[in-house]
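Quick notes on the structure that follows.
The values are calculated or read from the model by the stated rules, or taken from the named source; none is laboratory data. Note that this is a predicted model, so its numbers are computed, not measured. Backbone-built Cβ (ideal geometry, glycine too); neighbour counts: all protein chains shown.
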Amino acid sequence: MLEGIVIRSTGSWYNVKNQSGETIACRIIGKFRLDGKKVTNPVAVGDHVKYVIENEEENTGIIKEIVDRKNYVVRQSPRKKHFVHLLAANVDQAIVIVTIREPKLKQGFIDRFLLMTEPYNIPVTIVFNKADLYDKGDLGVYNYLKDIYNKIGYDVLLTSSIDGTGLEDLKATLSGKVSLVGGQSGVGKSSLVNTLSDQLDLRTQDLSNYSGKGQHTTTFAEMFDIDENSTIIDTPGIKTLAFNHLEVMDVAHNFREFFEASDECKFGDCTHRNEPKCAVKAKLETGEISELRYNNYLQLVEEVEDQNYWERIKDV
């Protein structure tokens with residue numbers, strides 16, 4: 001069998017780059033499972049795979065084996081609610097791109113993205129883009145959020161593809177690594193990524209004048225080389241992130257400052273809501289834990305709890 005890495009996923013076909021740098025369109029036969037989860041796409045961009053040639057003339061192959069992954073990132077499938085969707089595999093870090101202006105910041109999205117990466121111990125850098133549009137108030141919001149996330153161990157950058165703010169810092173962050181890049185539609189992700197390399201020309205699109213929301217320009221996940229030792233996996237613009245594949249304690253354990261404080265909670269299964277002698281709520285009172293993060297946590301816990309157990313696990 002031949003070996004390669006999946007550099008593009010189109011749903012039914014996977015572009016695999018072999019060790020000679022050639023790209024072969026491959027498909028899969030049979031079922032691949034993911035830790036017992038039901039997945040919409042069993043192979044992800046970033047996967048190292050073994051394949052055989054199916055048709056030499058058409059340069060197509062069949063993926064026979066997925067090499068053991070060092071990690072992966074999944075989200076609840078937006079189309080099949082009881083399935084998960086593999087976003088990427090074998091990444092060194094993730095970059096979540098947001099903006100305070102055009103469209104207006106949905107801060108809760110940051111914590112949802114972190115809940116997606118935290119279970120797999122993937123380092124995340126939060127990038128606030130479109131800095132050229134920020135006024136004094138916007139910069140105040142940026143510095144407030146930067147302080148919150150820096151304190152719990154996440155790097156935060158301010159960038160603009162228009163005036164060049166932060167681009168060198170972003171390039172340094174990406175250097176030598178495989179980076180998953182994601183964000184909601186309209187935050188300028190494609191424009192920002194295009195500035196990082198002369199080789200890239202990702203499609204961009206203006207905000208919808210009617211809704212003020214971004215329109216999807218990335219259809220499928222795809223891997224690109226920024227330079228000879230730096231690679232990004234560009235993902236489709238994400239509208240929402242939901243987690244009906246998680247349980248309440250999964251959420252509690254993956255808000256990292258909550259998990260650290262939970263050693264001091266009276267109950268080992270404390271959900272940090274109404275339980276007595278909760279260390280998280282105590283730190284909330286003293287300002288050691290962000291009220292913003294805590295409110296986002298409560299919303300996520302409520303969402304997960306509201307999912308009927310049998311509804312979540314039944315076959316579709």
Q) Taking the stated definitions as given, is Q93 surrounded by 17 or more Cβ atoms within 10 Å (Cβ to Cβ) and modelled with pLDDT under 95? A) no
Q.
Testing H82 on (1) outside the structural domain of G137 (by TED's automatic domain parsing); (2) over 25 Å from H48 (Cβ atoms); (3) in contact with a Gly (Cβ under 9 Å, 6 or more places away or on another chain), one condition comes back false. Which one is that?
A. (3)
Q) Within the stretch 47-64, is even one residue of a type in the set (V, I, T), at pLDDT 95 or above and closer than 20 Å to G176 by Cα? A) no
Q: Would you check if there is a residue in the stretch 57-65 being charged (D, E, K, R), touching a strand residue (DSSP E or B) at 6+ places or on another chain (Cβ under 7 Å) and surrounded by 15 or more Cβ atoms within 10 Å (Cβ to Cβ)?
A: yes
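Residue-wise test of (1) modelled with pLDDT of 95 or more; (2) touching a helix residue (DSSP H, G or I) at 6+ places or on another chain (Cβ under 7 Å); (3) at positive phi.
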site: F243; (1), (2), (3): no, yes, no
site: V248; (1), (2), (3): no, yes, no
site: E260; (1), (2), (3): yes, no, no
site: K266; (1), (2), (3): yes, no, no
site: T271; (1), (2), (3): yes, yes, no
site: C278; (1), (2), (3): yes, no, no
site: E305; (1), (2), (3): no, yes, no
site: N308; (1), (2), (3): no, no, no
site: I313; (1), (2), (3): no, no, no
Q | helices (runs of 4 or more DSSP H) fully within the stretch 220-313 counting 1 or more residues that are outside the structural domain of F109 (by TED's automatic domain parsing) and in contact with a Phe, Trp or Tyr (Cβ under 6 Å, 6 or more places away or on another chain) | A | 248-253, 279-286, 291-306
**Q.** Residue match in the stretch 122-137 (condition: within 25 Å of G46 (Cα to Cα) and part of a loop (DSSP other than H, G, I, E, B))
**A.** yes
(Q) List pairs: first residue in the stretch 148-174 and among the aromatic types (F, W, Y), second residue buried (at least 19 other Cβ atoms within 10 Å of the Cβ) and assigned to a helix (DSSP H, G or I) anywhere in the structure, Cβ distance under 8 angstrom, at least six positions apart or on different chains. (A) Y149/I110; Y154/L114
Q.
Residue pairs, Cβ under 6 Å, 6 or more apart or interchain, first in the stretch 44-56 and surrounded by fewer than 21 Cβ atoms within 10 Å (Cβ to Cβ), second not in a strand (DSSP E or B). List them.
A. H48/V67; K50/M1; V52/M1
